[in-house]
């Protein structure tokens, strides 16, 4: 696991051994989405990466809907932390 991913997990984990809760997954996906977006700005014809990006965006959207249904306050704080939904 990369150090960047470890930092994201530590920043968004709910308890000490949390590595896979929904907020952590959303944070990891958000970082990966931003990396892919930057990649696609320089490599406009990379259709395979674009397809992967669209899949990640869909997964993240579903997880955010799940979090919103479970705990609206946690959803709002996560959105603010990650800088989504301006």
**Asked** What are the pairs, 6+ residues apart or on separate chains, where a residue within region 2-15 that is touching a residue at least 60 places away in the same chain (Cβ under 8 Å) has its Cβ under 6 Å from a residue that is assigned to a helix (DSSP H, G or I)?
**Response** 12/23; 12/24; 12/27
**Asked** In region 63-86, which residue that is under 15 Å from the mean Cα position of the chain (by Cα) and surrounded by fewer than 10 Cβ atoms within 10 Å (Cβ to Cβ) is modelled with the highest pLDDT?
**Response** 83
**Asked** Filtering region 6-21 down to residues that are surrounded by fewer than 15 Cβ atoms within 10 Å (Cβ to Cβ) and either in contact with a helix residue (DSSP H, G or I) (Cβ under 6 Å, 6 or more places away or on another chain) or part of a helix (DSSP H, G or I) (or both), which residue is modelled with the lowest pLDDT?
**Response** 19
**Message:** Suppose we filter region 22-60 for residues that are part of a loop (DSSP other than H, G, I, E, B) and in contact with a helix residue (DSSP H, G or I) (Cβ under 8 Å, 6 or more places away or on another chain); how many remain?
**Reply:** 2
**Asked** Can you pull out the residues in region 57-86 that are closer than 23 Å to residue 35 by Cβ and in contact (Cβ under 8 Å) with a residue 24 or more places away in the chain?
**Response** 57, 59, 60, 63, 64, 67, 78, 81, 82, 84
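The values are calculated or read from the model by the stated rules, or taken from the named source; none is laboratory data. Computed from a prediction, not measured in an experiment: that's the story for all the values here. Quick reminder, even Gly has a Cβ in these numbers, built from the backbone with ideal geometry, and neighbours come from all protein chains shown.
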